[in-house]
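In what follows, a single structure is set out as structure tokens and then discussed.
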Amino acid sequence: MQKDELDLDILENADSRTIETLSERYSALSDSDVSRLFARSEELFRSRTTEGRGEYSTSVSGVEIYHRPLWQKILTAAASMVLICSAVAGAAIFCKNNSDYRIGKDGGESSPRSIEDYIGSTEEIPYETVLENGKFAMSYDNFTCDSNPLQISGAPYRDAVVAKPFKSVLVEDDKVVAPLNEWEFPVVSGGEYVGFVNCDMRFLMNQELGFWGGQMFAPKLNEALEKGSIAIFTTVDGTYGIYEDNTVVALAADVAYSGSITFEQVDQGYNLLTTDSSSDIVYGPMSKEWGVTLKALNVTPTGLTLECSQSGGKKVHELSTGSYFVIQKLSGGVWEDVEYLPQEYEIGWTSEAWIIQKEATAAWNVEWDMIYGELPAGEYRIGKKIMNLRETGAFIENYAFAEFTVQEDDGSAAAVCEREPSPEEIFENNKILTAEEALEWAYDNPVVVQDDGQITSGRDVWDSFFDSVNAKKPASVMCVYNYVLDEESVSPELYEEEKDLYPQLFFCLLRYDGEVFHVKMRKSDETKLDTDETYKYLLHLSAENPDTALYRYTDQYVLVNDPSVTWEQLQRSMFSSQSSDWIKHSTVYMDMYN
Amino acid sequence: MTHEEFRDKKKISSEQAHKELFEAYCGYVYTIVFNRLRSVAAREDIEECLCDVFADVYCYYDPGKNVSGDMSGFIGTIARRKAAALYKSIISGAETVSIDDESAQQLISEQDAEREAAANEQRRIILGKIAGLGEPDSTIIIQKYYYGRSAAEIAGMVKLTPENIRVRSGRAVKKLKEMLEKEDISL
């Protein structure tokens, strides 16, 4: 077996305690697996019950269809839409037949249920907390994503925002019985309601909130609010709105309201929708609020450089973005998605997450010729999803856009994006890479790699640079220095304290302009410069190490301002406790060999 | 979820009750089934067995029965029996095996019991050491080397890139082996 392989067969066929430990500590299934497998289990269940297999007949005989449309309507909607919400994570969409919902009988008689049974938990969760739930973000995504899983008219709505939520009240016998403990978040685009994301706080599933949503009564609500403000209520027949003059409009009901409840009774504040409620936004183009700005540079018909900067902002946690982007064209004053080229296979977006550093700017190239082809001249914008992650599972996602213009193609610029960014561009464009990613990139590019104190790649690159310097020709070179923390060479306390900070990789960009040397360094995963200095000379120093050393020779290139400095002086400078001994220098290349 | 909670929810909506039950116990059932079938069955078969267990639970469950308390014993029993039956059918090549077949229950001798006790102790040490790696490394190790998931799948679980997973898993294995060597366990 190879060194990095591990055989865990011993865990098979284990005792209950081992299984419980495994089950409690490690998630065996992803969310999308759960949705998919639940659907399959229901399918199996239904096939067995409908086939009427003898062994199951006993258990199904006590269940019958019990028509109680009152609160059941609400429950069935919730149940089916929860599944639709889950579908965003990759599972199939279920079309629920309401007739499948049944209420059982106890002792052969239908047992009337109290309203409390339907009200469920009355504990309200602040809607601000709900907004930070990952499932809310997924539900919202139903309105903005390409696949339009809820089949909402006019979707996707890339600019969709969410207005302040309301709650309905339950009305029976012309009385308000209780609040319906469910936040209804209106989704708004262009000032119009286009649907809802609902958060059910009544029946928590595994202590988790239930989310569902859809277009629902959004079109009717738009129509109703043209006449004035309404208070929302729900009865046995559905959901209604009541105006201040006590006239009632059916929003989601098959029959007209026939009771005599008044506006004054219904209006609880939290269920009042005014004509301008849709402008009270609680979740929307948050990327601006988070201080994220996108700028399109070097635009060609097939790509551009996207500059992303973050500055200030509110409620900024960990910001990141992925590889996904969307291009929209301005057409008749409306942003419309540019259609993909016909694809043989579905477009697969890679799953990396790039951290957006606070108070920093990063840039990267975006190419779309494989997806959209060459864009004709026009006004466009590119949209990136920005995620604000507070903690695992608690995040908000939103689009940030950068507008750009594609000029009439004169055929000269398109080639710019066809090549890989040079090492200098990686450095200067503040490309963010983890130490592992940066090391992998460095080995594939003309870069000097110093890994754990030794040059492991790019000696020829360095020699070429040094030749240019000797010939007094301007030149530049990129070096990367990779540092790992060796557990055995530090104290256990220090190791515990530092281990999560490693590996660290530094980019070093050294430029020679024919006269002086400019050196800049930064960590691969930060944009802030660690070093930004100018030196007059580049010294090549060689030393023979003591016999006890691991390597016999050390080869070092050092930037200095005094060409007469010696190896010993530099060593003393580094290790002396006297500040007067310090000689300003920067070691840019060090190799040890036998 | 308790029997009472499931019974109450089932009265309102069967599917909602099933969904909540599934979400509460699918990890537990998958662990049982996977643990039994890991070496002999494909992932698709294991998943089908899991769904089969739940379909049985929904079918067998009698809301009229006056049982109370935690449902894990009831569900775990069905899961173990289903997994054992499938294991036997795969090993023997038989098409079907009754889950009520007594032979599906394994009988173990005294020596086997001693060996099993030692193995259980070793399992506990191994799981303890894996947990000692800390997150996300312990999850990476279990998902990669026990559940056989790809770096891309694990990346989605622990919010790292697949490249990170590959690098971290190599290091974590090395560290784990060193920890286990001190316990005289070699994997």
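Observations on the structure shown:
- Out of A:VAL249, A:VAL255, A:VAL177, A:VAL194, sole residue that is in the same structural domain as A:GLU128 (by TED's automatic domain parsing) and in a loop (DSSP other than H, G, I, E, B): A:VAL255
- Meets criteria (more than 7 Å from every other protein chain (Cβ to nearest Cβ) and acidic (Asp, Glu)) for A:GLU42: no
- Of all residues in the stretch A:213-238, those satisfying the criterion of being within 19 Å of A:PRO165 (Cβ to Cβ), of a type outside the set (A, V, I, L, M, F, W, C) and part of a loop (DSSP other than H, G, I, E, B) are A:GLN215, A:SER229.
- Looking across the stretch B:159-187, the residues that are hydrophobic (A, V, I, L, M, F, W, C) and either assigned to a loop (DSSP other than H, G, I, E, B) or modelled with pLDDT of 80 or more (or both) come down to B:LEU160, B:ALA172, B:VAL173, B:LEU176, B:MET179, B:LEU180, B:ILE185, B:LEU187.
- The stretch A:263-279, residues that are loosely packed, with under 14 Cβ neighbours inside 10 Å and part of a loop (DSSP other than H, G, I, E, B): A:GLY269, A:THR274, A:THR275, A:ASP276
- Positions within the stretch A:244-284 being free of Cβ contacts under 8 Å to residues at least 12 places away in the same chain and within 34 Å of the chain's Cα centre (by Cα), in sequence order: A:ASP276
- A single member of A:GLY210, A:GLY241 is within 14 Å of chain B (Cβ to nearest Cβ) and assigned to a strand (DSSP E or B), and it is A:GLY210.
- When residues of the stretch A:544-594 are limited to those that are touching a strand residue (DSSP E or B) at 6+ places or on another chain (Cβ under 9 Å), among the small types (Gly, Ala, Ser) and modelled with pLDDT under 75, the one surrounded by the fewest Cβ atoms within 10 Å (Cβ to Cβ): A:ALA549
- Residue list for the stretch B:134-156, filter: part of a helix (DSSP H, G or I) and more than 9 Å from chain A (Cβ to nearest Cβ): B:ASP137, B:ILE140, B:ALA151, B:ILE154
- The one condition from (1) at pLDDT below 90; (2) touching a helix residue (DSSP H, G or I) at 6+ places or on another chain (Cβ under 7 Å) that B:PHE74 does not meet is (2).
- Residues that are under 25 Å from the mean Cα position of the chain (by Cα) and surrounded by fewer than 19 Cβ atoms within 10 Å (Cβ to Cβ) within the stretch A:158-203 comprise A:ASP159, A:LYS164, A:GLY190, listed in sequence order.
- Residue that is nearest to A:PHE233 (Cα to Cα) [pool: residues in the stretch A:139-156 that are in contact with a Ser or Thr (Cβ under 9 Å, 6 or more places away or on another chain) and surrounded by fewer than 21 Cβ atoms within 10 Å (Cβ to Cβ)]: A:GLY154
- Each residue in the stretch A:24-39 was checked for being more than 8 Å from chain B (Cβ to nearest Cβ) and polar (S, T, N, Q), and 2 pass.
- Selection status of A:GLU498, in a helix (DSSP H, G or I) and either touching a residue at least 12 places away in the same chain (Cβ under 8 Å) or not assigned by TED's automatic domain parsing to the domain that holds A:ILE355 (or both): yes
- Taking the stretch A:137-174 as the range and being in a helix (DSSP H, G or I) and under 30 Å from A:THR122 (Cα atoms) as the test, the residues that pass are A:ALA137, A:MET138, A:SER139, A:TYR140, A:ASP141, A:ASN142, A:PHE143.
- A residue that is at pLDDT 75 or above, in a helix (DSSP H, G or I) and within 20 Å of the chain's Cα centre (by Cα) cannot be found anywhere in the stretch B:93-116.
- Within the stretch A:294-344, restricting attention to residues that are among the small types (Gly, Ala, Ser), closer than 26 Å to A:ASN388 by Cα and not in a strand (DSSP E or B), the residue that is modelled with the lowest pLDDT is A:GLY313.
- Pair list, Cβ under 7 Å, 6 or more apart: the stretch B:157-171 residue more than 8 Å from chain A (Cβ to nearest Cβ) and more than 18 Å from A:ALA28 (Cα to Cα), other residue among the aliphatic types (A, V, I, L, M) and in a helix (DSSP H, G or I): B:ARG166/B:ALA151; B:ARG168/B:ILE140
- Under the condition of being crowded, with 20+ Cβ neighbours inside 10 Å and among the basic types (Lys, Arg), the residues counted in the stretch B:150-171 number 1.
The values are calculated or read from the model by the stated rules, or taken from the named source; none is laboratory data. Given the structure is predicted, the values throughout are model-derived calculations rather than measurements. Note: ideal-geometry Cβ built from the backbone for every residue, glycine included; neighbour counts use all protein chains shown.
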